[in-house]
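Enquirer: I am attaching a structure below and will ask some questions about it afterwards.
The values are calculated or read from the model by the stated rules, or taken from the named source; none is laboratory data. Keep in mind it's a predicted model, so treat the numbers as computed, not measured. A quick note on method: Cβ atoms are made from the backbone with ideal geometry, for glycine too, and the neighbour counts reach across all protein chains shown.
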Amino acid sequence: MNIFIKQFGKPDGVIGRLFGKMMTVSNRNMHKAVLSELSPSGNVLEIGFGSGSQLEMIHDRYPEVRLYGIDISSEMLTAAEKRIGKTASLSLCDCTETAFADGYLDAVISTDSCYFWREYEQILNEIKRITKPSGKLILAYNSMYANAVHKSDGGLGMYDDKSISEAVNSAGMKIVSVRSCGYKQKIFTILIKGEVK
Ligand SMILES: C[S@@+](CC[C@H](N)C(=O)[O-])C[C@H]1O[C@@H](n2cnc3c(N)ncnc32)[C@H](O)[C@@H]1O
């Protein structure tokens, strides 16, 4: 796997910190699009929070939302803690298995991360377990990066509209909308089960 993709998938060291800063800027349209799909209260988890800029944006707009974040990079955990302090409860954790109780969350969000999810079927099942049936999964992704990860790593599961849709449908979730939110950037709003809140 090339060094850039490796760093995006799990930022590490000085270069990882730099990548975190770059993503804060380059992913801003996706962060805004995700924000526009959220309600002003409830429990929200971000998977792969990076530098924490998406969580910061949500807290600034919706201070009532209880925010949680998990990421596999200790570099990003340190960077995000520095940025947002205690406004979100952050932990070093792989999204394949989390400590959240069944149906605890109102929404799970993830930007620029799902193409790194090797065990994506297990991850979608875990998201289903920890989110309310009426809750949402909001995925934002950049098809240019996703395609590069897919090519470089021999084909991870969720890397384009078709593979994301297929994975989500087989997990028994329902896509409510797919829209463009910038150059090569898209946002999927997905219903866990039941009616949208
Ligand atoms: C390209 S960065 C995007 C960061 C941030 N969402 C943003 O938009 O700036 C991908 C992030 O997902 C995290 N990540 C990758 N696989 C993960 C997994 N299985 N569980 C949790 N986090 C993961 C990486 O460590 C990295 O911080």
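Enquirer: I need the full set of residues from the stretch 162-190 which are over 19 Å from Ala107 (Cβ atoms) and exposed (fewer than 15 other Cβ atoms within 10 Å of the Cβ), in order please.
Expert: Across the stretch 162-190, the qualifying residues are Lys162, Glu166, Asn169, Ser170, Ser180, Tyr183, Lys184.
Enquirer: Right, another one. What number of residues within the stretch 5-21 are surrounded by fewer than 15 Cβ atoms within 10 Å (Cβ to Cβ) and free of Cβ contacts under 8 Å to residues at least 24 places away in the same chain?
Expert: Total satisfying the criteria: 3.
Enquirer: Please go through (1) touching a helix residue (DSSP H, G or I) at 6+ places or on another chain (Cβ under 9 Å); (2) crowded, with 16+ Cβ neighbours inside 10 Å; (3) closer than 26 Å to Val149 by Cβ for Leu92 and return the number of the only condition it doesn't satisfy.
Expert: Only one criterion in (1) touching a helix residue (DSSP H, G or I) at 6+ places or on another chain (Cβ under 9 Å); (2) crowded, with 16+ Cβ neighbours inside 10 Å; (3) closer than 26 Å to Val149 by Cβ is unmet by Leu92, namely (2).
Enquirer: Related question: Does Leu38 fit the bill of being at pLDDT 95 or above, assigned to a loop (DSSP other than H, G, I, E, B), under 23 Å from Lys132 (Cβ atoms) and not small (Gly, Ala, Ser)? I'd like the intermediate steps shown before the answer.
Expert: Working: at pLDDT 95 or above: yes; assigned to a loop (DSSP other than H, G, I, E, B): yes; under 23 Å from Lys132 (Cβ atoms): yes; not small (Gly, Ala, Ser): yes.
So Leu38 fits the description; yes.
Enquirer: Considering the stretch 124-140 alone, what residues qualify as being of a type in the set (S, T, N, Q), within 15 Å of the ligand (Cβ to nearest atom) and outside any helix (DSSP H, G or I)?
Expert: The answer is none; no residue qualifies.
Enquirer: Pairs, please: C-beta under 9 Å, at least 6 apart or cross-chain, first residue within 11 Å of the ligand (Cβ to nearest atom) and in the stretch 145-156, second among the acidic types (Asp, Glu)?
Expert: Listed pairs, sorted by first residue: Tyr145/Asp112; Ala146/Asp112; Ala146/Asp160.
Enquirer: Looking at Glu81, Glu75, Glu121 in this structure, which one is out of contact with any strand residue (DSSP E or B) (no Cβ under 7 Å at 6 or more places or on another chain), outside any strand (DSSP E or B) and farther than 17 Å from Ile192 by Cβ?
Expert: Glu75
Enquirer: Could I ask something else about it? Which one of Thr111, Thr78 is polar (S, T, N, Q), surrounded by fewer than 22 Cβ atoms within 10 Å (Cβ to Cβ) and in contact with a helix residue (DSSP H, G or I) (Cβ under 9 Å, 6 or more places away or on another chain)?
Expert: Answer to the selection: Thr78.
Enquirer: Applying the selection to the stretch 22-34, what residues are within 10 Å of the ligand (Cβ to nearest atom) and either over 25 Å from Ala101 (Cβ atoms) or small (Gly, Ala, Ser) (or both)?
Expert: Selection gives Met22, Met23, Thr24, Val25, Ser26, Asn27, Arg28, Met30, His31.
Enquirer: Kindly indicate whether Gly103 is at pLDDT 95 or above, more than 9 Å from the ligand (Cβ to nearest atom) and assigned to a strand (DSSP E or B).
Expert: No; evaluated as a whole, the condition is false for this residue.
Enquirer: Report, by residue number, each residue of the stretch 26-72 that is among the hydroxyl-bearing types (Ser, Thr, Tyr) and under 14 Å from the mean Cα position of the chain (by Cα).
Expert: Our first condition is that a residue be among the hydroxyl-bearing types (Ser, Thr, Tyr); within the stretch 26-72, this holds for 26, 36, 39, 41, 51, 53, 62, 68.
Listed by number, the residues that qualify are Ser51, Ser53, Tyr68.
Enquirer: Among the candidates Glu37, Glu75, Glu64, which residue alone is more than 9 Å from the ligand (Cβ to nearest atom) and over 18 Å from Ala140 (Cα atoms)?
Expert: Glu64
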